[in-house]
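Below is one structure, written out as structure tokens, with a few remarks after it.
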Amino acid sequence: MKLPILAAALALSSAGLAAPAFAQDVTGLWQTQTNGGQVEISHCGNSLCGKLVSSNHIKSDPSVKDEKNKDASLRNRSLKNMQMLYDFTGGPTKWTGGKVYNAADGGTYSGTITLLSANELKLKGCIVAPLCKTEKWTRIK
């Protein structure tokens, strides 16, 4: 009689191993591919957003401004903690309809975020398809 109970317990414990291969939570701190950027992605209401926490420019001058912004009235804002991702909806592994602000050229682009694994995501920003740039980001925490 103990054998069926043991078999049932083993079946239940191995069922837990068949869980998804990675946690489907994109929130956290991510390392970008360019300029030593670190972006914190979080929930903003019903969408995802992301702020620039650090970069090589911010490390060398924490008061560095958004000087290349196409909107002259925003050129005096600080790059540190500036929202650069906003309005992404969807999930659990792909978010679309968002905007990506690129401080390097002052442009805002249509974006898509795809969670590739628990520690890697793909960010795609487009002027218009097929004029797009894609980066892979790595989770810091």
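The values are calculated or read from the model by the stated rules, or taken from the named source; none is laboratory data. On a predicted model such as this, the values are computed, not experimentally measured, just so you know. All Cβ positions, even for glycine, are placed from backbone atoms using ideal geometry, and neighbour counts span all protein chains on display. These accessible areas exclude ligands, DNA and RNA; they are computed on the full protein's heavy atoms, side chains included. Shrake-Rupley method; radii C 1.70, N 1.55, O 1.52, S 1.80 Å.
What the phi angles of segment 75-85 give under the Karplus curve with 6.51, -1.76 and 1.60, with θ = phi - 60°, is a coupling list of 5, 9, 7, 6, 6, 5, 6, 6, 6, 10, 10 Hz, glycine and proline written as x. The largest accessible area among His57, His43 belongs to the first residue in His43, His57, and the rest follow in falling order (1.4 Å probe, all chains).
Listed cross-link partners Lys51/Lys94; Lys70/Lys141; Lys65/Lys94 are compared with a 29 Å cut-off, the Cα-Cα value being larger for Lys70/Lys141; Lys65/Lys94. Neighbours of Ile113 by Cβ distance under 15 Å: Lys/Arg scored +1, Asp/Glu scored -1, total +3.
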